[in-house]
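Just below is one structure, and these are the notes that go with it.
The values are calculated or read from the model by the stated rules, or taken from the named source; none is laboratory data. Everything numeric in this text was worked out from a predicted model, so none of it was measured. Cβ: placed from backbone, ideal geometry, glycine included. Neighbour counts: every protein chain shown. For accessibility, only protein heavy atoms count, side chains too; no ligands or nucleic acids. Shrake-Rupley method; radii C 1.70, N 1.55, O 1.52, S 1.80 Å.
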Amino acid sequence: MRKTTLDELLAMANAKAVRRQPSDEEHCIQVSCVRWFRLKYPHLFARLFAVPNGGRRDGVTGARLKAEGVIPGVADLILLKRNRHYCGLLIEMKTANGRQSDAQKWWQQAVCADGEFKYVLCRGIDDFMREVDDFLSEC
């Protein structure tokens, strides 16, 4: 059995770090969006929240979360505020090149089929600000 060299381990670590970068970028975008929302709409602070549905977990934790009701594909942010047309706003954050997973597409279709919720895909803070302002202008 051949042992892995230090150079090989470093190369593997760097390759993994490169793969994580888009999620770090998405994280930074989402943090900026939430900060903006809380500054602009402090009276709705508790109405916008994140759904920590992603990330890697071990099998036991994943099974426990699933038993507790976690559903793959749920939107990143949920705004529980009714406007004239919808019961709430569901926001999926993506980077400029990010794509929805099959689970995210399924959840969007399943939850929005009856037209009660508005689902938006935001690729940055400008998209987020526009979508939230437009949604709340209809209250």
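Details
- For the stretch 50-109: relative contact order, % (alpha-carbon pairs under 8 angstrom, 6 or more apart): 34
- Between D102 and K40, the distance separating the two model label sites (each 7 Å from Cα on the Cα→Cβ line) works out to 3.6 nm.
- Hypothetical label at N83: residues of the stretch 95-139 whose amide nitrogen lies under 11 Å (7 Å Cα-Cβ projection): 118-120, 130-139
- Alpha-carbon centroids, the stretch 37-64 and the stretch 83-99: separation in whole Å: 14
- Other-chain or far-sequence residues with amide H under 5 Å of K81's (modelled H): L89
- Protein accessible area in the stretch 52-139, 1.4 Å probe - carbon and sulfur %: 50
- Among the trypsin sites (Lys or Arg not before Pro) in the stretch 57-89, those located in a DSSP loop and surrounded by at most 11 other Cβ atoms within 10 Å of their own Cβ are R84.
- Computed lengthening from M129 to Q109, 0.36 nm per intervening residue step minus Cα-Cα distance: 4.9 nm
- H85 - accessible surface, heavy atoms, 1.4 Å probe, Å² rounded to 10: 120
- Computed E for I71/T95 - FRET, C-beta separation, R0 25 angstrom, nearest 0.05: 0.65
- Evaluating 6.51 cos²θ - 1.76 cosθ + 1.60 at θ = phi - 60° for every residue in the stretch 50-59, the Karplus couplings come out as 8, 10, x, 9, x, x, 8, 9, 6, x Hz, glycine and proline recorded as x.
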